[in-house]
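A short worksheet on the structure shown next.
A short reminder: the numbers here are calculations on the coordinates, not readings from a lab. Owing to the predicted nature of the structure, the values given are computational and were not obtained by experimental measurement. So basically every Cβ, Gly included, is an ideal-geometry build from the backbone, and we count neighbours across all protein chains shown.
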Amino acid sequence: MHGTELAEKLEALLASGVTYKAIAERAGCDASTIYRIRSGAITNPLYSTGRAIDEMHAELKPRAA
């Protein structure tokens, strides 16, 4: 996972109405960490944080019937 890819996924999550706090709680980190990933200040977050962002983003996509 690259920081820019995670930043794009965070943009989509936030645009869908998910809050920084909700993402941070799921990822097990502070909201400020999520903000710094989104802004590019953190380009190599913990694996568990990136994985949580990936999972939340995957849940945004409509599931095939």
Summed side-chain charge close to Ser39 - residues other than Ser39 whose Cβ falls under 15 Å, Lys, Arg +1, Asp, Glu -1: -1
Prolate/oblate/rounded label for the stretch 3-60 (Cα gyration tensor, a/c 1.5): rounded
